[in-house]
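Q: Take a look at this one; I'll ask things after.
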Amino acid sequence: MTIAPAQTSFTPLDADWRDFFALTKPRVMTLVIFTGLCGLLAAPGHLDPVLAFTAILCIAVGAGGAAALNQWWEADIDAGMKRTRHRPLPAGKMERTSARDFGFALSGGAVMVMGLAIGWLAAAILALSIFYYAWIYTVWLKPRTPQNIVIGGGAGAFPPMIGWIAVTGHITLMPVLLFLIIFMWTPPHFWALALFVQTDYAKVGIPMMPVVAGERATRHQILGYAALLLPLTLVPWWLGFAGEVYGLSALALGLMFLALSAWVGLRRSSGAGDTMKPEKRLFAYSILYLFVLFAMLVVDRVVASYGA
Amino acid sequence: MTDFRSQPLSPAELAAFRARQKSRSRALAVVLLALVVLFFAITIVKIRNQSAMRAAASHPAASASPLAEGK
């Protein structure tokens, strides 16, 4: 005997909880959680561990909600790219509206809890970051301009700022600097990836820099942003917001980042047989770079508090 | 996209459907339980912080007072 389940709602027939979890882009979330936590730990002041955990949870859930909304909007584009075609929506594992509702529920819930438990300034910036990623980047900029990733990079730059504001309750120059560091880091990080997956973006009509301006211009811009990033990461040290542990680490890490970017920026692809090793190396290093840079900010704070 | 079939499901499909439904329900139960614990903990922390602030407001100079120091 066979029984047909009720077909009255849009309950996804095949979606497992893992599919919903995959909608939140857990790998991207790792960096969001880490930078948010570093902002929180490096900030002057103290936040109760329960509230600190809540703040980080809200940042993570908010980022997950924005990622789900991004995948809801871009399901058709994702289906056309090798890198993204196995995501839950293009793979046909769930109804599109489920992803949308899931995204709105996570985003709204994260902002509400952040506001009630931590403060409404942190909640407002969290809401802005979700709007920035889900609307300004995904809907507006990404399909329209090759500068999409430059301005859209702001979305990923909010977490340390939110973490910092969760502790202090107000915006000062330092959280803005943390925002700017990730903002400036995003183009070389993402364009390194776009250089070795550019055929996919071209296929689905997304005007990524290598597709529109060409590979050479993209390589030059990678080098340009890396050159701007190095002095920017040293500003907290120069202004006395961070000590030598951070400053010297930022200098060493930044010089390495600049060297790898110069390698990518000044070379030319040798054609179809090019394995794009320098670009892949830069992409991998850029992730490590950001992790270590923010970790050093926290280490510097710990060292300073022991020295005081 | 998911195919919302009008045809009845085979026993194997139905079993897989039920298994996924159960896994989603369990995951949701875990999330709701975790939220209950989290909200309870937040409430306790908020009450404790407010009590501490009230105590500080009602005895503003208690710790800094020379009398308090000399007692």
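Q: Looking at region A:263-275, can you tell me whether even one residue there is outside the structural domain of A:Gln147 (by TED's automatic domain parsing), touching a residue at least 60 places away in the same chain (Cβ under 8 Å) and among the aromatic types (Phe, Trp, Tyr)?
A: No, region A:263-275 contains no residue that is outside the structural domain of A:Gln147 (by TED's automatic domain parsing), touching a residue at least 60 places away in the same chain (Cβ under 8 Å) and among the aromatic types (Phe, Trp, Tyr).
Q: Related question: Does A:Gly64 fit the bill of being under 20 Å from A:His189 (Cα atoms) and small (Gly, Ala, Ser)?
A: Taking the combined requirement at face value, the residue does not satisfy it.
Q: Return yes or no: is A:Trp164 outside the structural domain of A:Pro236 (by TED's automatic domain parsing), surrounded by fewer than 19 Cβ atoms within 10 Å (Cβ to Cβ) and among the aromatic types (Phe, Trp, Tyr)?
A: For A:Trp164, the condition - outside the structural domain of A:Pro236 (by TED's automatic domain parsing), surrounded by fewer than 19 Cβ atoms within 10 Å (Cβ to Cβ) and among the aromatic types (Phe, Trp, Tyr) - is not met.
Q: When you go through A:Ser261, A:Ser249 one by one, which is the residue that is more than 18 Å from the chain's Cα centre (by Cα) and over 15 Å from A:Leu193 (Cα atoms)?
A: A:Ser249
Q: In addition: If I ask for residues that are surrounded by fewer than 20 Cβ atoms within 10 Å (Cβ to Cβ) and charged (D, E, K, R), which ones from region A:64-94 would you list?
A: A:Asp76, A:Lys82, A:Arg83, A:Arg85
Q: If you scan region A:184-212, which residues turn out to be in contact with a Pro (Cβ under 6 Å, 6 or more places away or on another chain) and of a type in the set (A, V, I, L, M)?
A: Scanning region A:184-212 gives A:Ala194, A:Leu195, A:Met209, A:Val212.
Q: Here's a follow-up. How many residues does region A:276-308 hold that are on the phi > 0 side of the Ramachandran plot and among the basic types (Lys, Arg)?
A: 0
Q: Shifting gears a bit: Being within 14 Å of another protein chain (Cβ to nearest Cβ), at pLDDT 95 or above and in a helix (DSSP H, G or I), is that true of even one residue in region A:77-98?
A: Checking region A:77-98: not a single residue is within 14 Å of another protein chain (Cβ to nearest Cβ), at pLDDT 95 or above and in a helix (DSSP H, G or I).
Q: Does region B:16-43 hold any residues that are more than 8 Å from chain A (Cβ to nearest Cβ), at pLDDT 95 or above and either loosely packed, with under 12 Cβ neighbours inside 10 Å or within 18 Å of A:Gly119 (Cα to Cα) (or both), and which are they?
A: B:Ala29, B:Val30, B:Val31, B:Leu32, B:Leu33, B:Ala34, B:Val36, B:Val37, B:Phe39, B:Phe40, B:Thr43
Q: Select from region A:276-308 the residues that are in contact (Cβ under 8 Å) with a residue 60 or more places away in the chain and either farther than 15 Å from A:Tyr246 by Cα or of a type in the set (S, T, N, Q) (or both) and list them in ascending order.
A: Correct list: A:Met276, A:Glu279, A:Lys280, A:Leu282, A:Phe283, A:Ser286, A:Ile287.
Q: In addition: Check region A:206-224 and report whether any residue there is under 30 Å from A:Val111 (Cβ atoms), touching a Lys or Arg at 6+ places or on another chain (Cβ under 7 Å), not aromatic (Phe, Trp, Tyr) and not assigned by TED's automatic domain parsing to the domain that holds A:Val32.
A: Yes, that holds for at least one residue.
Q: Checking A:Ala110 against (1) touching a residue at least 60 places away in the same chain (Cβ under 8 Å); (2) farther than 30 Å from A:Thr218 by Cβ, which single condition isn't satisfied?
A: Failing condition for A:Ala110: (1).
Q: Counting only residues that are small (Gly, Ala, Ser) and surrounded by 24 or more Cβ atoms within 10 Å (Cβ to Cβ), which one in region A:44-63 is nearest to the chain's Cα centre (by Cα)?
A: Checked region A:44-63; the qualifying residue nearest to the chain's Cα centre (by Cα) is A:Ala63.
Q: Evaluate the following for A:Gly92: is it assigned by TED's automatic domain parsing to the domain that holds A:Gly156 and closer than 18 Å to A:Gly156 by Cα?
A: no
Q: Restricting attention to region A:53-64, does a residue exist that is more than 10 Å from chain B (Cβ to nearest Cβ) and aromatic (Phe, Trp, Tyr)?
A: The answer is no, given that none of the residues of region A:53-64 is more than 10 Å from chain B (Cβ to nearest Cβ) and aromatic (Phe, Trp, Tyr).
Each row is one residue, and each column tells you yes or no for (1) at pLDDT below 95; (2) among the aliphatic types (A, V, I, L, M); (3) within 30 Å of B:Thr43 (Cα to Cα).
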position: A:Leu69; (1), (2), (3): no, yes, no
position: A:Glu74; (1), (2), (3): yes, no, no
position: A:Leu106; (1), (2), (3): no, yes, yes
position: A:Gly115; (1), (2), (3): no, no, yes
position: A:Ile130; (1), (2), (3): no, yes, yes
position: A:Tyr133; (1), (2), (3): yes, no, no
position: A:Thr138; (1), (2), (3): yes, no, no
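The values are calculated or read from the model by the stated rules, or taken from the named source; none is laboratory data. Every value quoted in this text rests on a predicted model; they were computed, and no experiment measured them. No Cβ is skipped: glycine too gets one built from the backbone with ideal geometry, and neighbour counts run over all protein chains shown.
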